[in-house]
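Worksheet for the structure shown next.
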Amino acid sequence: MSGLDAIFLKARSAQKRGDADEARRLLQGVLDKFPQNRKAIDAMARLEQGGRDPQTWLNEEVAAIQTLHAQGEHADMARRTEALIAAFPQLPALHGVLGAAYLGLKDGPRAATALRKAMTAFPGDPAHICNLGIALRQQGMMAQAEEAYRRVIALSPDHAQAHHNLANLLVDQGRSDEAEAAYRHALTHQPDYAEALHGLGDLYRGRRDHQRAVEQYEALLRLRPDHHDGWTSMACVLLERGDKDAAIAAFTRAAAIGPDQGQAHINMANALALAGRLDEAHAAFSRAQALSPDNHHVAAQCLYLEAHMGDWRRRDAFVALPVEPGAHDPIPPFIALPFDDDPARQLARSRVMARHIMAGQRSTYAAPARQPGGRIRIAYVSADFHDHATMHLLSGLLREHDRERFDVRAYSLGADDGSGRRQAMMADVDAFIDLSSMNDERALALMRADAIDIAVDLKGHTQDGRLSLFAQRVAPVQIGYLGYPGSVGADFLDYIIADPVVVPPGAESGYAERVIRLPGSYQCNDNRRVIGACPTDRTALGLPQSGFVFCSFNQNWKIGPQEFDIWMRLLTQVEDSVLWLIRSNPWAQERLIQAAQDRGVDPARLIFASKLPHADHLARHVHADLFLDSFIVNAHTTASDALWAGLPVLTMAGRQFAARVGASLMTAIGLPDMIASSPHDYEAKALELAQSPEKMAAVKTRLAGQRLTTPLFDTAGHARHIEAAYRAAHERAMQGLRPDHIDIGGA
């Protein structure tokens, strides 16, 4: 007796003694392994019939199957339908029901088999053909699926679901205009088709046509006020067009409709954080974490928000998070920067995020034919062409570019802030192109049509970046620069611009890109930045009339407990000294004050400065004595601000790019002695300078004398060096050579 025969014998014995559950368990075990086993199917059908009148049993089972379908219980639906088919083989319509069950299980092959059996009996039934289209799409057979949907439409032009399904397929294939027409046809035949309204809204959102997207979502929500995804989509598009309060209200509605859906709370938390409502954002992230305790993305976001709020109690928990948690919950690399000074781990995180960005991307890029000797066309791509740290640094480079050799273009991903900085820079570029309202498809077409030679990404893994454009490629040479201090973790950026300090020789393994090393510092600077007006009496800025002023104008999230401990010890050892900080937000200010008090320092010795226009911010540096850098993420533009304003910076060189920027700047301005080798050395240097007015004055004198004679603020010289790098990278591409490390000499 075979093993299966023994199971069938046991099942019959169980049924005879009235133990239907045991018989069902045994038979289901066979069906789980051998779904098409006819003997098991027939036995299950007899078991389910249980001696009842066949027609009564059929009616009861059909009603039960309909209930299972409505409840999404597709496995039970399939099992019971198989039993009915065994008992009533003369009813081919049951194969259509079975096909629907397998569609729910995402089992395209079985669904297609069942549906084709139904279609043999009912060859013109549009419902079966439409479902077959779904089954074919589940198998990736897009052309056949499209053919099925179009066949339904030919048979029944008013079949709204076929138009809707066709539209969804066309969206996935990037055929936006055809998809729009298909959604419109679906809504013409069924104006209250909620999912078609949602799909059309998403299509407009993908095009960045925010107003038309809002109109579709509004129509959907009038029809279905409880539509969770509709409120979520509405909130996302409102956030994208800058209406933060309305977006938060919509996310709140979505969270109320789906209180157990973690993503709703994540969305709301992100919107609240952008609006500066950090305490509420933290509460929303905490709710999401409670619902999804294994979601590492949410855990990381919670810790990053705590860093912004100056809460260090769980700071060490970050390094315990997996570096490669999975595609469904990648940890944004930027939020890992203040927690983990490890280039290898940062690269691994970037690789995960890059794979997430590249998922489903298929590049159709073909490099334009170029002749040697023409102007090299450079595309700078950023969301920060306004009053932003990037523009404070980049303005001088744009101004100094050799326009006889380079065609310089700016492609904007963000809105203008009305400060006038964007208008001022337009005189320094050959073209300014606003991509902010374009989807990737349109932006790619435009950029490729511009025949760019070198595209420079100024955002990387930072807010409002669009690495998706670079993943599909817009130029034969693509370079990461300035905005993100590290590798993006993908080969779609060919190079990263660095220098021998931020990426020392031998450290290339921490970068997916080839490394271009410039002499001096990688960081460009504008030697025409205006230093504004400032009160001569420092008490007007909240500082004491006398005493040593330690300063750290970094955003508070960069400050960790290790450097703060040192700063507090310095205050206790340097009589009448104060620490001058930026007021990032009220929660961080309150916690830093408490941290000082916990370390035995009078909180009054922490002075918090408010944000000022950039020129006036530069001017107030005159009232500080020494800038104390943070460790894991150094001051970047903030350090250049201090040096340009004549304030010496004491830094410590760490391991990752973000932790070595201060050392790069101090090397480029000729003050390598202001680079500490360890926390102990950092503290000793700071104490020595603060207690020795002569030594402090000597450093300031050296800085003043070298500010305009060393590479850091040699804007024209830096332009020549970066242009040499561009020419070298362009020449390799022209010769058909793969990217390789490039070192630009300082001569």
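The values are calculated or read from the model by the stated rules, or taken from the named source; none is laboratory data. Keep in mind that this is a model prediction, so the values were computed, not measured. Please note: Cβ atoms are built from the backbone with ideal geometry, for glycine as well, and neighbour counts cover all protein chains shown.
Some observations on this one:
- Test result for R287, touching a Gly at 6+ places or on another chain (Cβ under 9 Å), surrounded by fewer than 21 Cβ atoms within 10 Å (Cβ to Cβ) and over 29 Å from R212 (Cβ atoms): yes
- Counted residues, the stretch 564-607 - those being among the basic types (K, R) and in a loop (DSSP other than H, G, I, E, B): 2
- Per the conditions (1) buried (at least 17 other Cβ atoms within 10 Å of the Cβ); (2) among the small types (G, A, S); (3) in a loop (DSSP other than H, G, I, E, B), the sole criterion not satisfied by G745 is (1).
- Test: residue in the stretch 386-409 that is in a helix (DSSP H, G or I), modelled with pLDDT of 95 or more and among the acidic types (D, E): yes
- Cross-chain or 6+ apart pairs with Cβ under 6 Å, the stretch 18-43 first and farther than 14 Å from D76 by Cα, then at pLDDT below 70: A23/Q15; A23/L47
- The single condition among (1) part of a helix (DSSP H, G or I); (2) touching a helix residue (DSSP H, G or I) at 6+ places or on another chain (Cβ under 6 Å) that L647 does not meet is (1).
- First in the stretch 172-192 and touching a residue at least 12 places away in the same chain (Cβ under 8 Å) and surrounded by 15 or more Cβ atoms within 10 Å (Cβ to Cβ), second anywhere and part of a helix (DSSP H, G or I) and of a type in the set (D, E, K, R), Cβ under 7 Å, 6 or more apart: S176/E441
- Residue among F432, F470 that alone is touching a Phe, Trp or Tyr at 6+ places or on another chain (Cβ under 6 Å) and among the aromatic types (F, W, Y): F470
- Some residue of the stretch 431-438 being at pLDDT 95 or above and within 20 Å of the chain's Cα centre (by Cα): yes
- Within the stretch 350-405, being of a type in the set (S, T, Y), within 25 Å of the chain's Cα centre (by Cα) and surrounded by 18 or more Cβ atoms within 10 Å (Cβ to Cβ) holds for S350, Y380, S382, T390.
- Within the stretch 651-665, residues that are free of Cβ contacts under 8 Å to residues at least 24 places away in the same chain and of a type in the set (V, I, T) reach no partner that is in a helix (DSSP H, G or I) and surrounded by 24 or more Cβ atoms within 10 Å (Cβ to Cβ) with beta carbons closer than 7 Å at six or more positions or on different chains.
- Matching residues, the stretch 513-528, being over 13 Å from Y481 (Cα atoms) and surrounded by 20 or more Cβ atoms within 10 Å (Cβ to Cβ): G520, N525, D526
- Of the residues making up the stretch 501-514, those that are more than 15 Å from G662 (Cβ to Cβ) and over 24 Å from the mean Cα position of the chain (by Cα) are P505, G506, A507, E508.
- Residue list for the stretch 608-637, filter: assigned to a helix (DSSP H, G or I) and either free of Cβ contacts under 8 Å to residues at least 24 places away in the same chain or crowded, with 22+ Cβ neighbours inside 10 Å (or both): L618, R620
- Subset of the stretch 177-224 [closer than 18 Å to R241 by Cα and either of a type in the set (F, W, Y) or touching a strand residue (DSSP E or B) at 6+ places or on another chain (Cβ under 9 Å) (or both)]: Y204, Y217
- Enumeration of residues in the stretch 410-459 that are in contact (Cβ under 8 Å) with a residue 40 or more places away in the chain, of a type outside the set (A, V, I, L, M, F, W, C) and not in a strand (DSSP E or B): G414, S436, S437, N439, E441, R442, R448, D450, D453, K459
- Within the stretch 87-182, helices (runs of 4 or more DSSP H) holding 1 or more residues that are at pLDDT 95 or above and over 31 Å from the mean Cα position of the chain (by Cα): 142-155, 160-172
- Looking across the stretch 263-282, just one residue is surrounded by fewer than 19 Cβ atoms within 10 Å (Cβ to Cβ) and either more than 17 Å from A247 (Cβ to Cβ) or touching a strand residue (DSSP E or B) at 6+ places or on another chain (Cβ under 9 Å) (or both), and that is D279.
- So E683, is it among the charged types (D, E, K, R) and surrounded by 20 or more Cβ atoms within 10 Å (Cβ to Cβ): yes
- F492 meets the conditions (1) within 19 Å of the chain's Cα centre (by Cα); (2) closer than 23 Å to A639 by Cβ in every case but one. The failed one is (2).
- Those residues of the stretch 88-116 which are crowded, with 20+ Cβ neighbours inside 10 Å and of a type in the set (A, V, I, L, M), in sequence order: L94, V97, L98, A100, A101, L103, A111, A112, A114, L115
- Applying a threshold of 9 Å to beta carbon distances and a minimum spacing of six or more residues, or different chains, the list of pairs starting in the stretch 490-507 at a residue that is outside any loop (DSSP other than H, G, I, E, B) and ending at one that is of a type in the set (D, E) reads Y495/E513; I496/E513.
- Residue among L703, L708 that is part of a loop (DSSP other than H, G, I, E, B) and either closer than 29 Å to M391 by Cα or touching a His at 6+ places or on another chain (Cβ under 9 Å) (or both): L708
- Failed item in (1) within 29 Å of L203 (Cα to Cα); (2) assigned to a helix (DSSP H, G or I); (3) not acidic (D, E), with L84 passing the rest: (1)
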